[in-house]
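Peer 1: To start, I am sharing the structure in question, which I have written as structure tokens.
The values are calculated or read from the model by the stated rules, or taken from the named source; none is laboratory data. Not measured: the values here are computed from a predicted model. Positions of Cβ are backbone-derived with ideal geometry, glycine not excepted, and every protein chain shown enters the neighbour counts.
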Amino acid sequence: MQTATIKAESIKSEPIRFERFMAARDAELQERILAAKARLGKRLVILGHHYQQESVYRHADYTGDSLKLSRYAGETDAEFIVFLGVHFMAEVADILSRPDQIAILPDLAAGCSMADMANLAKVERSRRELSKVLDFDATITPVTYINSAADLKAFCGEHGGIVCTSTNAPKIIEWAFAQREKVLFFPDQNLGRWSGYKMGIPLEQMPVWNPDQPMGGLTEEQIRNAKILLWKGHCAVHQMFREQNITRFRAEHPDGLVISHPESPFEVCLNSDYVGSTEYILKTVSEAPSGTKWLVGTELNLVNRLAEKMKPEGKLVQFMSHVICECSTMARIDPQHLAWTLENLVEGNIVNQIKVPDAEARLAKLTLDRMLEAS
Ligand code: 13P
Ligand code: SF4
């Protein structure tokens, strides 16, 4: 575990070891989390993504999708921002908050497997290869999904690009086209394809760029003809959803409605009644008339929580897959790690701080600010 200390004068002890929390019972941990939160008061804010398990989600001061939580991170005055989410989200919190604020991820192993499908070396190599066919910086706007490492956001900052989220992707891609004629979109091909399709771009002008093949596996003609080059990346959780799941649901519930996250496969989005971010999904189903029936294509924790919440209104909320699609990295944030993090803060120790190097953070902030302005 990474540890750091606050100011020398405020250190009261050595960091408390995580091992001491591993065997603690859930009910005890819940009380300890509440007690630590109360001790830290306004010095602490806890931001929670909708995919978090209920045992930690309930402790979040603010919940939201990536866009909403980014805004909170940039607005809060709290000294400590504890992120119940995954690594890139805590990085964004660090980048958008003031230098004296501290972003913390309770378990450093909480990454995003989709974000890991693109890295700086591969993106730089793709830029070099594309430069053999066209002038990259004059022709292509790089757009990175917020689900990406900070150095990729910095790459976009350096090359006139921008960041997008699942909420604002079409608007951001429009911004990108206003700068240059083509877009390189990474790392999620599904979000890029769905957004491009909604903007009226033909599928054949959105070829998949495979970074592990020479020239992305494309011909020179395909590259010249492309409007959006879609990075070969996807979310392992959302790719489990299938068009057949929708067909079956519609057969059982002809009056039912289908709502999906845009990280889902293209055919799933195409056959859904609504497509949008986690926040959009929650809002749409919550505001729907009582008695309505929903098939929801996004992560299991969100769907289970929504199903429970909607029961008193007589709404049926069904998960899209018969296979359990939980985001296993999000699930790494558990009451043990949260209690460990907070009790250390109470004792004056910072554990698991997420700190993006200054030069990288400056460039990444440029693209995040561009996004917040454009959306
Ligand atoms: P949202 O921004 O819609 O919450 O999505 C984040 C994410 O990781 C979905 O898998
Ligand atoms: Fe990443 Fe998919 Fe998990 Fe979202 S659900 S954090 S995209 S692995």
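Peer 1: Hand me the list of helices (runs of 4 or more DSSP H) wholly inside segment 37-104 holding 1 or more residues that are away from ligand 2 (no atom under 16 Å from the Cβ) and more than 18 Å from the chain's Cα centre (by Cα). Break it down into steps so the answer makes sense when it comes.
Peer 2: Details: elements: 54-57, 66-75, 87-96.
By residue number, 54-57, 66-75.
Peer 1: Looking only at residues that are free of Cβ contacts under 8 Å to residues at least 40 places away in the same chain and not aliphatic (A, V, I, L, M) in segment 156-176, which one is surrounded by the fewest Cβ atoms within 10 Å (Cβ to Cβ)?
Peer 2: Just the residues of segment 156-176 that are free of Cβ contacts under 8 Å to residues at least 40 places away in the same chain, to begin with: 159-160, 170, 174, 176.
From what's left, not aliphatic (A, V, I, L, M): 159-160, 170, 174.
Values: His159: 17, Gly160: 17, Pro170: 17, Glu174: 13.
Filtering segment 156-176 for residues that are free of Cβ contacts under 8 Å to residues at least 40 places away in the same chain and not aliphatic (A, V, I, L, M), the one surrounded by the fewest Cβ atoms within 10 Å (Cβ to Cβ) comes out as Glu174.
Peer 1: Same structure, new question: Among the listed residues Asp188, Asp151, which satisfies the condition of being under 26 Å from Ser321 (Cα atoms), charged (D, E, K, R) and modelled with pLDDT of 95 or more?
Peer 2: Values: Asp151 fails: under 26 Å from Ser321 (Cα atoms).
Sole residue among the options that is under 26 Å from Ser321 (Cα atoms), charged (D, E, K, R) and modelled with pLDDT of 95 or more: Asp188.
Peer 1: Here is a list: Gly160, Gly111. Which entry is away from ligand 2 (no atom under 13 Å from the Cβ), at pLDDT 95 or above and either part of a loop (DSSP other than H, G, I, E, B) or among the aromatic types (Phe, Trp, Tyr) (or both)? It would help to see each step written out before you state the result.
Peer 2: Values: Gly111 fails: away from ligand 2 (no atom under 13 Å from the Cβ).
Of Gly160, Gly111, the one residue that is away from ligand 2 (no atom under 13 Å from the Cβ), at pLDDT 95 or above and either part of a loop (DSSP other than H, G, I, E, B) or among the aromatic types (Phe, Trp, Tyr) (or both) is Gly160.
Peer 1: Could you look through segment 279-314, keep only residues that are under 27 Å from Ala236 (Cα atoms) and of a type in the set (Gly, Ala, Ser), and pick out the one that is surrounded by the most Cβ atoms within 10 Å (Cβ to Cβ)?
Peer 2: Among them, the one singled out is Gly297.
Peer 1: Quick test for you: out of Ala331, Ala307, pick the one residue that is more than 21 Å from Phe83 (Cα to Cα) and of a type outside the set (Phe, Trp, Tyr). Before the answer, list the steps.
Peer 2: On the way: Ala331 fails: more than 21 Å from Phe83 (Cα to Cα).
Only one candidate qualifies: Ala307.
Peer 1: Go through the residues of segment 196-218 one by one and say whether even a single one is closer than 21 Å to Arg362 by Cα and within 16 Å of ligand 1 (Cβ to nearest atom). Don't jump to the end; show me each part of the working.
Peer 2: Just the residues of segment 196-218 that are closer than 21 Å to Arg362 by Cα, to begin with: none.
Within segment 196-218 (the criterion being closer than 21 Å to Arg362 by Cα and within 16 Å of ligand 1 (Cβ to nearest atom)), the answer is no, since none of the residues qualifies.
Peer 1: Sticking with this structure for a sec: Against the condition more than 20 Å from the chain's Cα centre (by Cα) and modelled with pLDDT under 95, how does Val346 come out, does it pass? Talk me through it step by step, then tell me what you get.
Peer 2: Details: more than 20 Å from the chain's Cα centre (by Cα): yes; modelled with pLDDT under 95: no.
So Val346 does not fit the description; no.
Peer 1: Here is a list of conditions, (1) over 21 Å from Ala60 (Cβ atoms); (2) at pLDDT below 95, and Glu326 meets all of them except one; can you say which number that is?
Peer 2: The number of the failed condition is (1).
Peer 1: Based on this model, can you work out whether Lys132 counts as away from ligand 1 (no atom under 15 Å from the Cβ), surrounded by fewer than 24 Cβ atoms within 10 Å (Cβ to Cβ) and outside any loop (DSSP other than H, G, I, E, B)? Before you say what the answer is, go through the steps one by one.
Peer 2: Numbers: away from ligand 1 (no atom under 15 Å from the Cβ): yes; surrounded by fewer than 24 Cβ atoms within 10 Å (Cβ to Cβ): yes; outside any loop (DSSP other than H, G, I, E, B): no.
Here the answer is no, as Lys132 does not meet what is asked.
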